[in-house]
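See below for the structure under consideration.
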């Protein structure tokens with residue numbers, strides 16, 4: 001997430017504000033764009049990475065977001081009333097909510113814990129089962145693997161939560177703060193004016209992406225001249241527009257995906273832009289490294305294979321979804337094994353960790369440490385038995 005949550009307590013209300021990281025976002029985004037306009041083989045490599053990232057990943061992430069954010073926008077549940085009637089299955093519910101792609105379900109559980117409505121075991125369960133926005137990336141590219149990770153995460157989260165409640169009791173580190181959590185309102189951003197242009201790129205990009213997924217050359221299918229590539233035009237334009245919009249968006253990525261008061265289209269587009277930028281960044285890290293060195297990253301990771309799951313788990317401790325998207329990109333490109341992705345998926349807490357850190361830091365730290373146990377167990381069990 002590109003904003004640290006500042007908690008302003010006023011009249012028992014906490015307003016989650018953006019922290020002015022627009023300058024850092026702009027620097028990162030425009031750095032990528034500046035590399036794309038370089039000449040020679042290096043610039044061609046950067047542009048091809050951006051095209052591949054958009055056509056092979058971003059359009060499917062956008063489609064997945066349309067489904068899940070659409071379902072999220074339609075839900076209107078009285079959480080307080082629902083939780084009061086389901087106390088015996090809070091841990092299980094927390095695990096299911098955490099496994100939902102994105103951070104919305106996990107944030108619901110975290111805020112309910114902060115207000116003293118659920119147990120510490122439920123907090124551990126949701127932080128164990130969630131993998132944040134990286135879930136969209138895995139689900140879009142390898143849906144079967146995504147479902148496997150979700151299933152394992154739910155089981156790991158549920159077992160961890162019930163064990164923690166058995167060890168410490170349901171009132172361990174319990175808060176009883178009656179607060180309301182809201183986002184600072186921004187009705188419309190500058191980049192929202194580009195939403196229609198974004199959609200104009202997205203729909204043909206998604207069609208091209210489907211053909212690409214089935215190994216069909218879309219340009220050849222249209223009998224285009226060898227010097228003209230519709231795939232390159234749509235892919236590069238879509239990637240550039242996504243990075244440009246993300247770089248100038250004043251909202252945090254946390255608010256973009258979870259604030260239900262914002263429009264459905266803006267939520268989908270802003271979140272897709274965030275994922276796109278990190279995926280392009282991940283692609284470029286590998287390509288630039290290989291361009292300037294003779295080291296084969298696949299061989300390097302294979303050489304240190306027993307330690308790779310542990311490193312991925314440690315990456316999971318970093319708050320936010322950006323680093324986790326990089327790990328998922330490593331897995332999808334075949335650089336790291338599934339055991340490492342499983343460990344990262346269980347250890348990472350996505351954006352849900354930010355409100356926990358801001359409002360219950362001790363509980364957040366302890367819950368994160370506890371989530372490392374199932375992450376190590378699952379990752380290395382899979383590593384030794386299947387890899």
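Readers should treat all values here as calculations from the given coordinates under stated rules, not as data from a laboratory. From a predicted model like this one, the values you see are computed outputs, not experimental measurements. A quick note on method: Cβ atoms are made from the backbone with ideal geometry, for glycine too, and the neighbour counts reach across all protein chains shown.
Using alpha carbons only, how many degrees (0 to 90, rounded to 10) separate the axis of helix 90-99 from the longest principal axis of the chain?
10 degrees
Provide the packing ranking of 58-69, 343-354, 294-305, i.e. peptides ordered by the mean count of other C-beta atoms within 10 Å per residue, highest first.
My ranking of the peptides, most packed first, is 343-354, 58-69, 294-305.
Sorted by mean Cβ packing within 10 Å, highest first, what order do the peptides 161-174, 121-134, 273-286 take?
Highest mean packing first, the order is 121-134, 273-286, 161-174.
Under the rule of -39500 (n - 2.57) per DSSP H run of 4 or more residues, summed and divided by the residues of the chain, what mean residue ellipticity at 222 nm is obtained, to the nearest 500 deg cm²/dmol?
Calculated at 222 nm, the ellipticity per residue is -21500 deg cm²/dmol.
Between residue 210 and residue 172, how high is the FRET efficiency from 1/(1 + (r/R0)^6) when r is the Cβ-Cβ distance and R₀ = 56 Å? Nearest 0.05.
Rounded to the nearest 0.05, the efficiency is 0.70.
Give, in nm to one decimal, the length gained when the segment between residue 362 and residue 23 is fully stretched (0.36 nm per residue of separation minus the Cα-Cα distance).
That works out to 119.0 nm of additional length.
Translational diffusion coefficient of the chain at 20 °C, 1.002 mPa s, Stokes-Einstein with Kirkwood Rh over Cα pairs, in µm²/s as a whole number.
After rounding, the answer is 100 µm²/s.
Order 85-96, 261-272 from most to least packed using the mean count of other Cβ atoms within 10 Å.
Final packing ranking: 261-272, 85-96.
For residue 196 and residue 300, calculate 0.36 nm times their separation in residues minus their Cα-Cα distance, and state this gained length in nm to one decimal.
Length difference between fully extended and current span is 33.1 nm.
Between the helical axis of 361-386 and the dominant principal axis of the chain, each derived from Cα atoms, what acute angle in degrees is found, rounded to the nearest 10?
Roughly 60 degrees, rounded to the nearest 10.
With everything on Cα atoms, drop me the angle between helix 322-332 and the longest principal axis of the chain, reported from 0 to 90° to the nearest 10.
60 degrees
Between residue 385 and residue 71, how many nm apart are label points set 7 Å from Cα along the C-beta direction?
So the label points at residue 385 and residue 71 sit 2.7 nm apart.
If I take R0 = 56 Å and measure r between the Cβ atoms of residue 89 and residue 248 in this structure, what FRET efficiency does the formula 1/(1 + (r/R0)^6) give, to the nearest 0.05?
Between residue 89 and residue 248 the formula returns 0.80.
Please give the FRET efficiency for residue 232 paired with residue 289, using the beta carbon to beta carbon distance and R0 = 25 Å, rounded to the nearest 0.05.
The pair residue 232/residue 289 has a calculated efficiency of 0.60.
Give me the orientation-averaged projected area of the Cα convex hull of the range 112-154, in nm², one decimal.
That works out to 3.2 nm².
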